[in-house]
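S.K.: Below you'll find the structure I mean.
Throughout, read-outs are computed from the coordinates displayed, never taken from laboratory work. All figures in this text were calculated on a predicted structure; none of them were measured in a lab. Neighbour counts run over all protein chains shown; Cβ positions are idealised from the backbone, glycine included.
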Amino acid sequence: MDLNLLKQHGPCAWEIPAQGNMRVPCMIFASRELVQAMDNKVYEQAVNVATLPGIVGASYVMPDAHWGYGFPIGGVAAFDADAGGVVSAGGVGFDVSCGVRCLHTGLRREHITAVQHKLADALFQQIPAGVGSTGGIRLNGTQMDAMLNGGAKWAVQRGWGTSADLERIEEQGQMLHAKPKYVSDQAKQRQREEMGTLGSGNHYLEVQEVTAVFDDTIASAYGLHPGDVVVMIHCGSRGLGHQIGTEFLRRMVEAAPSHGLVLPDRELACAPIHSDLGQEYLGAMRAAINCALANRQILTQLVRDVFAKLLPAAHLPVLYDVSHNTCKLETHKVDGALRELYVHRKGATRAWGPGHPELPQALRSSGQPVLIGGSMGTGSYVLAGTQASESLAFSSACHGAGRAMSRHQALKTWNGRTVVDELAQRGILVRSPSMRGVAEEAPDAYKDVRAVVDAADAAGLARKVARLEPLVCVKG
């Protein structure tokens, strides 16, 4: 990205001033090096988002941003429905509510290394992964609608986990006002056999060691100490979410002229929030959020079952579960007044600061855990939401490292088997049904996660708390 087009406000804050059809400016939170490495398409997409009706504040770009569909991945934008605001399927993404869950284990590194190969094999056998992967759960129509309404609460009620898990999940495990009736039969059909599966792409399950702590007080409040072992699960709403995104994007493109919308890019297809189409999408999208929450809840129990057999001393409570790829109605202060806004976070995560009433009491004084996933051989991070993030970007932060190259480029650069063997030499065991998938997600296909996390910390979006290094990875 050309720095001459930007106005610098600090070491990790850059503005694209409002011009032309832009209703608001764009704000990019990243270091100079990360901004320079961003594709020019990120600039173009962020500017296009800034032209949408009802947008409030700015079009925001997180440190991990890269080119996406309509919105940049790592894009945040809030809209006021009463000011003509819109909801955009492209601003949510296809993998609705893709997110990360972190579990404590109560174990140390030596416990894992003693059974590392057995654990890797058992997790791989227990957790269905890969393109089109299916699990042992089959839902009929009534059960499907109940899941789409109930989310993780539905899963807990059926024996996958405990009520204590729900306290550590956004929305307490259930996104209200879901409308399964607006989810198509095809979307439901795609999901009937996919509950409790990881899927493919950048989805994974990792057993990780806490190798560094940067804030002792917050880390202690989160229950994280050097040498501790945790489990991180990264997945979303699978085929159902993708089908919802595909269908509503098409409908929004077709309906745009009737709503008086002139789109700078058809990928920015949207609908007025107060329109029937806008409300139908929100109902279906919330159902997809519940699907993702239920999916991660089921996976949590499957992981617990594996640990119970191999490491019976383990105890796996949830540290936190946070989604990206959502649009949520939230209350934020704008120009000194509280306003209800529909906040789109695409490849970005919510990051409530200390004291926020929606946080669990045990975490409230520290701020929300922000879970930043790596890619097999790279570290992951736990950050904490800050008070400053509210005024900077509607309490939002990055969600991962962000891709540095396309999957096609990665395939031309790496061999999956070689990647697996090299990681094994470093003590990281990878299990995957697809060596092609491993090559596509090779660690160096992503940006330096350390640089992304440092930028988020320096910008005030979230505070760096702990680093986690992988020991075992089940890769989709």
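S.K.: For K309 and H259 in one chain, what is 0.36 nm times their gap in residues minus the Cα-Cα distance, to one decimal in nm?
M.R.: Between K309 and H259, full extension yields 12.3 nm more.
S.K.: Hey, another quick one. Can you tell me the order of 80-91, 256-267 when each peptide is scored by its average per-residue count of other Cβ atoms within 10 angstrom, highest first?
M.R.: Working: 80-91: 22.0, 256-267: 14.3.
Most protected by this proxy first, the peptides run 80-91, 256-267.
S.K.: Grab the Cα-Cα distance for N40 and K333, subtract it from 0.36 nm times how many residues apart they are, and report the gain in nm with one decimal.
M.R.: 102.3 nm
S.K.: A follow-up question, please. For helix 449-459, report the angle its Cα long axis makes with the longest principal axis of the Cα atoms of the chain; keep it between 0 and 90° and round to the nearest 10°.
M.R.: Helix 449-459 sits at roughly 50 degrees to that axis.
S.K.: Suppose R0 equals 30 Å. What FRET efficiency, 1/(1 + (r/R0)^6) with r the Cβ-Cβ distance, do Q19 and S406 give to the nearest 0.05? Please report the intermediate quantities before stating the final value.
M.R.: Numbers: r = 30 Å, r/R0 = 1.00.
After rounding to 0.05, the efficiency reads 0.50.
S.K.: Calculate, for E340 and R266, the FRET efficiency according to 1/(1 + (r/R0)^6) with r their C-beta to C-beta distance and R0 30 Å; round to the nearest 0.05.
M.R.: That pair, E340 with R266, gives E of 0.55.
S.K.: Same structure again: Tell me which aspartates and glutamates have Cα within less than 12 Å of K7's Cα, excluding those fewer than 8 residues away on the same chain?
M.R.: Cross-link targets: E15.
S.K.: With runs of 4+ DSSP H residues as the only contributors, calculate the mean residue ellipticity of the chain at 222 nm using -39,500 (n - 2.57) per run, divided by the residue total and rounded to the nearest 500.
M.R.: -10000 deg cm²/dmol
S.K.: Moving to a separate point now. Enter the angle in degrees (range 0 to 90, nearest 10) between the Cα long axis of helix 276-310 and the first principal axis of the Cα atoms of the chain, meaning the one along which they spread out most.
M.R.: Value to nearest ten degrees: 10.
S.K.: Right, here's the next one. Within the stretch 315-462, count lysine pairs with alpha carbon atoms under 23 angstrom apart where the residues are 8 or more positions apart or belong to different chains. Intermediate values should be presented prior to the final figure.
M.R.: Values: K328/K346; K333/K346; K346/K447; K412/K447.
So the count of such lysine pairs works out to 4.
S.K.: Right, another one. Using C-alpha positions alone, give me the convex hull volume of the stretch 208-276 per residue in cubic angstrom. Write out the running numbers ahead of the final one.
M.R.: Values: hull volume 13.2 nm³, N = 69.
In the stretch 208-276, the Cα convex hull volume per residue is 192 Å³.
S.K.: To the nearest 0.05, how large is the calculated FRET efficiency for T211 and R417 if R₀ is 22 Å and r is the Cβ-Cβ distance? Present the calculation step by step, with values, prior to reporting the outcome.
M.R.: Numbers: r = 27 Å, r/R0 = 1.22.
Given R0 = 22 Å and the Cβ-Cβ separation, E is 0.25.
S.K.: So for the stretch 368-476, Kirkwood radius off the Cα pairs, Stokes-Einstein at 37 °C and 0.692 mPa s: how many µm² s⁻¹?
M.R.: 224 µm²/s
S.K.: Now, a different point. Working out 0.36 nm times the residue gap between D448 and H274, then minus their Cα-Cα distance, what length gain in nm do you get to one decimal?
M.R.: Details: separation 174, 0.36 × 174 = 62.64 nm, distance 4.08 nm.
The span from D448 to H274 would gain 58.6 nm if fully extended.
S.K.: Continuing with the same structure: For a quick protection proxy, order the peptides 447-458, 182-193, 146-157 by their average other-Cβ count within 10 Å, most packed first.
M.R.: The most tightly packed comes first, giving 146-157, 447-458, 182-193.
S.K.: Okay, moving on. Note down the Stokes-Einstein diffusion coefficient of the chain in µm²/s, whole number, using a Kirkwood radius over alpha carbon pairs, 4 °C, and 1.567 mPa s.
M.R.: 59 µm²/s
S.K.: Could you sort the peptides 468-474, 341-347 by per-residue average Cβ neighbour count (10 Å cutoff), highest mean leading?
M.R.: 341-347, 468-474
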